[in-house]
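Throughout, read-outs are computed from the coordinates displayed, never taken from laboratory work. Since we're looking at a predicted model, the values are computed, not measured. Backbone-built Cβ (ideal geometry, glycine too); neighbour counts: all protein chains shown.
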Amino acid sequence: MQQELESLRKAIRKKFWITFAVCLVAAIVILFAGMAIGILRNGTNAAIYLVLALIAVYVIPTMAVGGQKTQFKNMFKNSVVKSVLEDIFTDLVYDPNVGLKRADVSEVDFLYTGDRFSSDDYIEGTYKGVRVIQSDLHIERQDEHVDSKGHTRTKYVTLFKGKWMIFEFNKSISSKIQIIQKGFKAQRGAVSRLLNSQSKVEMEDTDFNKRFAVYCPNAHDAFYVLTPALMEKIKEYETSQDGKMIFAIVGNRLHVGVDNGRNDLEVSTSSKVDVEGMKNSIREQLELVLEVVNVLNLDNDLYKKGV
Amino acid sequence: MSVPVIILIIIVLLVVVWLISASNKLNRAVVKIEEASSGIDVALTKRYDVLTKMMDVVKAYTKHEKETMFEVIRLRSNMSIQEKNEENRKMDENFKAIQVLAENYPTLKSSENYNTLQKTIADVEEHLQAARRLYNSNVSIFNQLLVSFPVSLIASSKGMKPAIFFEADAVKKNDVKIEL
């Protein structure tokens, strides 16, 4: 597998640089020809041409290798990534081209799913007897503003880029609990939260209250789920990860969103293929997911069985 | 109307608004304590139900009569916190007695009913702890209001006194090992 990937990577690089060189030479020839016949002697025309030529010299080679890059990415994910996942999870379902839909996360009321919602690298499997779903997620908000000349400019602002995980939770409650770290960007606006202000719950851990806001319509359920031990573990998990977080418990599902700015499980053609190194990197990226099960003791089924 | 009179009226209005707000805050704190207290009632009732089932299982395996082995527990409506504490303590004693009996009767200890009920206890205990923590949290907020000036003035004028915490029983403060 290493040889196949490396051969494909080298072929992509070779094609890219050859196409780049051809485009560059063509651009230079056109420049001199244009100057010779007088079209590009004008400073403005020359500047416009140079900008367009620079763009074309980069874009054309990139497009030329686009198909092969996709092939390289799929080969990497379906072989290297999948082999690591199969070592960790049982009953594995993995599709690198599919992700979570808005409906999958919409039960987390306080999450704002934005104007653009994209997701990939869908993983579903069982780890230590706990059913886990995870996917990379990117949520953006569309911002429009009108400039002084009356032109409307649209830009997209990232609200969440990172990992979204859904776990089978080991306690079942009838109400929803939402635990939002202070500074988490992709949360519903102040008005929406104000309408739910009666359901804000102050826990007895003042440090936890400083770092997280807890919302639950039934305060008893919040205290039932958020034991002092679990609050400590949530703080421990938050300290160990980059990025702001949101936790939500809906029925027997625990949602965890970590806004770490990363799109994991991706591969670049710029560095040499090292399958073992890549596998170690993938295992490290998956630690974020496995740590939720380990740190929060989700494999403890003490509260699931009984009369 | 002169400016000093207008200012005086505004000050009086602000004081009245504050008085109403502080009074309502105290009343809401009392209601929250009462709500949390009924949460404790629910949790104690659940605990009592599980305990009763366990005592029936014990009786079936050991042939001992419940009344000779266990403290009598009576849960009533409108119990004070001290009374709830006392009934909870009796339930702790009964659970301990069951565990001691189970050690002497291996067939009881290995029975499916007994083990299922042991796991139910864990969840019931968590609910009771949650109810206790919520109650104590509300009591703490109320008691802090009573000693905070100037709200303390309103509280003392209404004759409000500090509420009592639902304490963890001394026995329960020690780790109790439940072998499943």
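Here the sum of -39500 (n - 2.57) over DSSP H runs of 4 or more residues, divided by the residues of chain A, equals -14000 deg cm²/dmol at 222 nm, to the nearest 500. When +1 charges are put on Lys and Arg Cβ atoms and -1 charges on Asp and Glu Cβ atoms, the dipole computed for segment B:1-50 relative to its Cα centre reaches about 120 debye.
Just to confirm a number: summing +1 for Lys and Arg and -1 for Asp and Glu over residues other than A:Asp259 whose beta-carbon lies under 10 angstrom from that of A:Asp259, what do you get? My count for the surroundings of A:Asp259 gives +4. Taking the Cβ of A:Glu236 as the center, what net charge do the other residues with Cβ under 15 Å away carry, scoring Lys and Arg +1 and Asp and Glu -1? Charge balance in the 15 Å sphere: -4. Using only Cα atoms and rounding to the nearest 10 degrees, what angle (0 to 90) does helix A:66-76 make with the longest principal axis of chain A? Between the helix axis and the principal axis of chain A, the angle is about 40 degrees. Obtain the nm distance between the two label points defined at B:Glu103 and B:Ser148 by a simple spin-label model: each point lies 7 Å from its Cα along the Cα-to-C-beta direction. The modelled label-to-label distance comes out at 4.8 nm. If R0 is taken as 25 Å, the Cβ-Cβ distance between A:Asn280 and A:Lys15 corresponds to a FRET efficiency of 0.30. Averaged over the residues of peptide A:212-224, the number of Cβ atoms from other protein chains lying within 10 Å of each residue's Cβ is 4. Dipole magnitude for the protein assembly as shown: about 1340 debye, using +1 per Lys or Arg Cβ and -1 per Asp or Glu Cβ, origin at the Cα centre. Remark: mean inter-chain Cβ contacts per residue of B:113-125 equal 3, using a 10 Å Cβ-Cβ cutoff to other protein chain atoms. Positive contributions from Lys and Arg (+1) and negative ones from Asp and Glu (-1), summed over other residues with Cβ under 12 Å from the Cβ of B:Met79, come out at -1.
Evaluated at q = 0.16 Å⁻¹, the base-10 log of the normalised Debye intensity for segment A:35-95, with identical point scatterers placed on the Cα atoms, takes the values -0.68. What the Cβ-Cβ distance of A:Thr154 and A:Arg102 gives, at R0 = 22 Å and to the nearest 0.05, is a FRET efficiency of 0.60. Each stretch of four or more DSSP H residues adds -39500 (n - 2.57); spread over every residue of chain B, this sum gives -26000 deg cm²/dmol at 222 nm. Label sites at A:Asn294 and A:Arg116, each approximated as a point 7 angstrom past Cα along Cα to Cβ, lie 3.5 nm apart.
Between A:Asp207 and A:Ile55, full extension at 0.36 nm per residue minus the direct alpha carbon distance yields a gain of 49.5 nm.
Each part gets one Cα centre, and for segment A:219-258 versus segment A:275-290 those centres are 24 Å apart. Rounded to two decimals, the Cα-based Rg/Rh of chain B, with Kirkwood Rh, is 1.24.
The residue list A:Leu298, A:Thr206, A:Asn252 was ranked by how far each Cα lies along the charge dipole of the protein assembly as shown toward its positive end, using unit charges on Cβ atoms, and A:Thr206 comes out on top.
With the charge dipole of the protein assembly as shown set up from +1 on Lys and Arg Cβ and -1 on Asp and Glu Cβ about the Cα centre, the Cα lying farthest toward the positive end among the listed residues B:Ala97, A:Ile282, A:Ile139 is that of A:Ile139.
The angle separating the long axis of helix A:275-295 from the principal Cα axis of greatest extent in chain A is about 30 degrees. Computed from point charges on the beta carbon alone (+1 for Lys and Arg, -1 for Asp and Glu), the dipole magnitude for segment A:134-173 about its Cα centre is near 80 Debye.
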